[in-house]
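Only one structure is covered here, and it is reproduced in the block below.
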Amino acid sequence: MLRGGLRARPYFNLKAAFSFLDRNANGQVSLDDIREFLANNGFFATERELQGIMVKCDKNGDGRINFNEFIDEFQPKLN
């Protein structure tokens, strides 16, 4: 559903979205980056919910989401 919504937005840019989440521009998004982004936008996720995001997106299990993992998870797939 998320991928379909992104596909419907012609001006959505995954690189810009990743850069926005990557607060310190180190090429990785941490759990704290996600927590802060959500809180700044009025969403307060539980630790369990945040861990679920990491499990889904952090394919190599290093505790951070790199750009390739981000793209893999959020790139709209053509069906």
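A compact table of results
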read-out: Pair list, Cβ under 8 Å, 6 or more apart: segment 34-55 residue within 21 Å of Asn66 (Cα to Cα), other residue at pLDDT 95 or above and open to solvent by 90 Å² or more (accessible area, probe 1.4 Å); value: none
read-out: Filter result for Gly52 (surrounded by 12 or more Cβ atoms within 10 Å (Cβ to Cβ), farther than 19 Å from Asp22 by Cβ and out of contact with any strand residue (DSSP E or B) (no Cβ under 9 Å at 6 or more places or on another chain)); value: yes
read-out: Criterion (at pLDDT 95 or above, in a helix (DSSP H, G or I) and under 14 Å from the mean Cα position of the chain (by Cα)) met by exactly one of Glu36, Glu69, Glu73; value: Glu69
read-out: Any hit, segment 42-55, residues being under 10 Å from the mean Cα position of the chain (by Cα), of a type outside the set (Ser, Thr, Tyr) and either modelled with pLDDT under 95 or on the phi < 0 side of the Ramachandran plot (or both); value: yes
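The values are calculated or read from the model by the stated rules, or taken from the named source; none is laboratory data. None of these values were measured; they are calculated from a predicted model. Neighbour counts are summed over all protein chains in view; Cβ atoms, including those assigned to glycine, are modelled from backbone coordinates with ideal geometry. These accessible areas exclude ligands, DNA and RNA; they are computed on the full protein's heavy atoms, side chains included. Shrake-Rupley method; radii C 1.70, N 1.55, O 1.52, S 1.80 Å.
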